[in-house]
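K.L.:
Take a look at this one; I'll ask things after.
The values are calculated or read from the model by the stated rules, or taken from the named source; none is laboratory data. Predicted model, so just to flag it, every value in this text is computed and none were measured. Cβ: placed from backbone, ideal geometry, glycine included. Neighbour counts: every protein chain shown. For accessibility, only protein heavy atoms count, side chains too; no ligands or nucleic acids. Shrake-Rupley method; radii C 1.70, N 1.55, O 1.52, S 1.80 Å.
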Amino acid sequence: MKNISKILFLLLLFASCKKDELKQNNDFPLEIPKGFPKPFIPENNQPTAERIEFGKKLFFDPILSRDSTISCSSCHFTDKKFTDGLAISIGIDNRLGIRNAPTLLNVAYLPTMFWDGGVPNLEQQVLAPIESHFEMDFNLPDVVKRLNTIEEYKTLSLKAYNQLPSIFSITRAIACFERTLYTGKSKYDDFTYYNNKNAFSDAELRGMELFFGEEGDCFHCHGTFLFTDNSFQNNGIYEFYSDSGRARITLNQDDVGLFKVPSLRNCEKTAPYMHDGSFETLEEVIEHYNSGGKNHPNQSSILRPLFLSQKDKSDLVAFLKTLTDEK
Ligand code: HEC
Ligand code: HEC
């Protein structure tokens, strides 16, 4: 009996070391975390090693900004889970933007970009920061000119897309790189997808029950493998919203104060929280949900006072921390 459980244990261990690989047309493997579905990848921008290399170099290069001081990674830091740790991002000439920088991990799964869902895909998203007055304050024709003066970029673009640096190749390459960014190796994944039922402490288990049960009621909006259902919701953080959120795109009054439900993976590491960074800690966030919200007319009817005990609150926080990727 003892031996059998040892073998089972070893099998499990072995299974958890094996990488789930998704083979693309050209045999370039994307490392999709175990238990995750295949992300949507546009037919005309399949990943190759050359495309990813080109995109990665662009992502970390301040050359994309007017005065060559700001790169994508100035606001999406690799060591902050691709966020910047600020309530509101700061761009070129220390200009203060309007929103909090979301993580780019698992961004391949998102059906829309930005807190208001204003951009439909990663390729098109690239234009926004380059041309934004608050971020890079530059423009694509000038970026293209600049890159065409640099031998290394000319070679990279030719190898990746069979053409010199162009708006086409730059936007696609960065999107290709972003589709290599996943996070799915947390204690939660260990528990759920690697079947390690001893991974959780009692507090974490209780926290999970609260999260996925009616008592804490987080799962209605955050209940998927990504911890977002990708919908737009008003989660009641204000009585009056200075940023109208989804309504900026739809111009519909019923969408005022609705924002894209963010993924909660790595939320331990991505403070401050919400579209404007208005909550500094997870404890504050839980306190907010416990209160039932500020009752804006568009507030989701799911929100209501939860009457959680101190222990419930700390167990919920303990569960949220199991979503932190080990890397
Ligand atoms: C000055 C800081 C800053 C820079 C530079 C910047 N970003 Fe962002 N990024 C943000 C902020 C803030 C948001 C959220 C904006 C919004 O929702 O309106 C964002 C959102 C995004 C999103 C959407 C994510 C989601 O969950 O909806 C992607 C993708 C992204 N940025 C990629 C990039 C790329 C690629 C570059 C470089 C070409 C870049 N960013 C440069 C601050 C920045
Ligand atoms: C009605 C849908 C809904 C429910 C229910 C809900 N949330 Fe949210 N959550 C959201 C939305 C929408 C945002 C972003 C709001 C904004 O930025 O203005 C958010 C943001 C968050 C954030 C901040 C993440 C970040 O990166 O900024 C955390 C943490 C969070 N929710 C945890 C929870 C927990 C824990 C529960 C259960 C107690 C819960 N949520 C219930 C919709 C919901």
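K.L.:
Would you calculate a helix-derived [θ] at 222 nm for the chain, using -39,500 (n - 2.57) for each DSSP H run of n ≥ 4 and dividing by the full residue count, to the nearest 500?
P.N.:
Helix contribution divided over all residues of the chain: -9500 deg cm²/dmol.
K.L.:
Kindly report the accessible area of the chain per residue (heavy atoms of protein chains, probe 1.4 Å, no ligands, DNA or RNA), in Å².
P.N.:
Details: 16300 Å² over 327 residues.
With the other protein chains kept in place, the chain gives 50 Å² per residue.
K.L.:
Using C-alpha positions alone, give me the convex hull volume of the chain per residue in cubic angstrom.
P.N.:
139 Å³
K.L.:
Among 161-168, 99-106, 243-250, how do they line up by average Cβ neighbours within 10 Å per residue, starting with the highest?
P.N.:
Details: 161-168: 15.4, 99-106: 21.8, 243-250: 19.0.
Per-residue mean Cβ counts within 10 Å order the peptides as 99-106, 243-250, 161-168.
K.L.:
Let me ask something else about it. Can you send over the carbon and sulfur percentage of the accessible area for the chain, probe radius 1.4 Å, protein chains only?
P.N.:
On the way: 9140 of 16300 Å².
Carbon plus sulfur share of accessible area: 56 percent.
K.L.:
Calculated FRET efficiency, Asn195 and Phe240, Cβ-Cβ r, R0 41 Å, to nearest 0.05?
P.N.:
That pair, Asn195 with Phe240, gives E of 0.30.
K.L.:
Do you know the Lys pair count in region 187-321 for C-alpha distances under 21 Å, with sequence separation 8 or more or different chains?
P.N.:
Qualifying lysine pairs in region 187-321: 13.
K.L.:
Which GluC sites (Glu not before Pro) from region 177-249 combine a DSSP loop assignment with at most 12 other Cβ atoms within 10 Å?
P.N.:
Details: sites: Glu178, Glu204, Glu209, Glu214, Glu215, Glu239; in loops: Glu214, Glu215, Glu239.
Of the GluC sites (Glu not before Pro), the ones in loops of region 177-249 whose Cβ has at most 12 other Cβ atoms within 10 Å are Glu214, Glu239.
K.L.:
Enumerate by residue number the trypsin sites (Lys or Arg not before Pro) in region 159-202 meeting two conditions: DSSP loop (anything except H, G, I, E, B), and at most 10 other Cβ atoms within 10 Å of the site's Cβ.
P.N.:
Those that pass, being in a loop and sparsely packed, are Lys197.
K.L.:
At a probe size of 1.4 Å, how large is the accessible area of Met274, to the nearest 10 Å²?
P.N.:
30 Å²
K.L.:
Here is a further query. Filter the GluC sites (Glu not before Pro) in region 249-327 to those in DSSP coil with at most 16 other Cβ atoms within 10 Å of their Cβ, and list the result.
P.N.:
Values: sites: Glu268, Glu280, Glu283, Glu284, Glu287, Glu326; in loops: Glu280, Glu326.
For GluC sites (Glu not before Pro) across region 249-327 that sit outside H, G, I, E and B with at most 16 neighbouring Cβ atoms in 10 Å, the list reads Glu280, Glu326.
K.L.:
Now, a different point. Distance between Cα centroids, region 46-62 to region 166-210: provide it in whole Å.
P.N.:
The two parts, judged by their Cα centres, are 22 Å apart.
K.L.:
Continuing with this model, one more query. Only four residue types carry charge here, +1 at the Cβ of Lys and Arg and -1 at the Cβ of Asp and Glu. Report the dipole size of the chain about the Cα centre in Debye, rounded to the nearest 20.
P.N.:
It works out to roughly 980 debye.
K.L.:
For region 187-321, what does the relative contact order come out to in percent, with C-alpha contacts under 8 Å and a separation of six or more? Please report the intermediate quantities before stating the final value.
P.N.:
Details: 203 pairs, mean separation 38.3, N = 135.
Computed over region 187-321, the figure is 28 percent.
K.L.:
Okay, next question. Kindly give Rg over Rh for region 235-307, based on alpha-carbon atoms, with the Kirkwood expression for the hydrodynamic radius. Present the calculation step by step, with values, prior to reporting the outcome.
P.N.:
Working: Rg = 12.5 Å, Rh = 13.0 Å.
Rounded to two decimals, Rg over Rh is 0.96.
K.L.:
Also: Using θ = phi - 60° and the Karplus curve 6.51 cos²θ - 1.76 cosθ + 1.60, what whole-Hz ³J(HN,Hα) does each residue of region 39-44 get, with Gly and Pro shown as x?
P.N.:
For region 39-44, the Karplus curve yields x, 6, 10, x, 3, 8 Hz.
K.L.:
Also: Quick query: amide H of Ser186 versus all other amide H atoms, modeled in the peptide plane; which residues come in under 5 Å with a sequence gap of 5 or more or a different chain?
P.N.:
For Ser186, whose amide H was placed from the backbone, the distant partners under 5 Å are Glu326.
K.L.:
What is the distance in Å between the Cα centres of region 80-129 and region 220-289?
P.N.:
Each part reduced to its Cα centre gives a spacing of 14 Å.
K.L.:
With charges set only on the Cβ (+1 for Lys and Arg, -1 for Asp and Glu), what does the dipole of region 21-178 come to about its Cα centre, in debye to the nearest 20? Mind showing how you got there, number by number?
P.N.:
Numbers: 16 positive and 20 negative charges, 39 e Å.
Approximately 180 debye in magnitude.
K.L.:
Long-range amide H contacts for Leu30: which residues qualify at under 5 Å (H placed 1.01 Å from N, peptide plane, sequence gap of 5 or more or a different chain)?
P.N.:
Leu22, Gln24
K.L.:
Sticking with this one: Towards the positive end of the charge dipole of the chain, with charges on Cβ (+1 Lys, Arg; -1 Asp, Glu), say which of Ser278, Ile167, Ser65 has the farthest Cα.
P.N.:
Towards the positive end, the residue furthest out is Ile167.
K.L.:
Rank Phe259, Leu303, Gly207 by how far each Cα sits towards the positive end of the charge dipole of region 187-321 (+1 on Lys, Arg Cβ; -1 on Asp, Glu Cβ) and give me just the farthest.
P.N.:
Farthest towards the positive pole: Phe259.
K.L.:
Any idea what diffusion coefficient region 21-178 gets from Stokes-Einstein, in µm²/s, Kirkwood Rh on alpha carbon pairs, 4 °C, 1.567 mPa s?
P.N.:
80 µm²/s
K.L.:
Run the 1.4 Å probe and let me know the accessible area of His288, rounded to the nearest 10 Å².
P.N.:
Accessible area, nearest 10 Å²: 10 Å².
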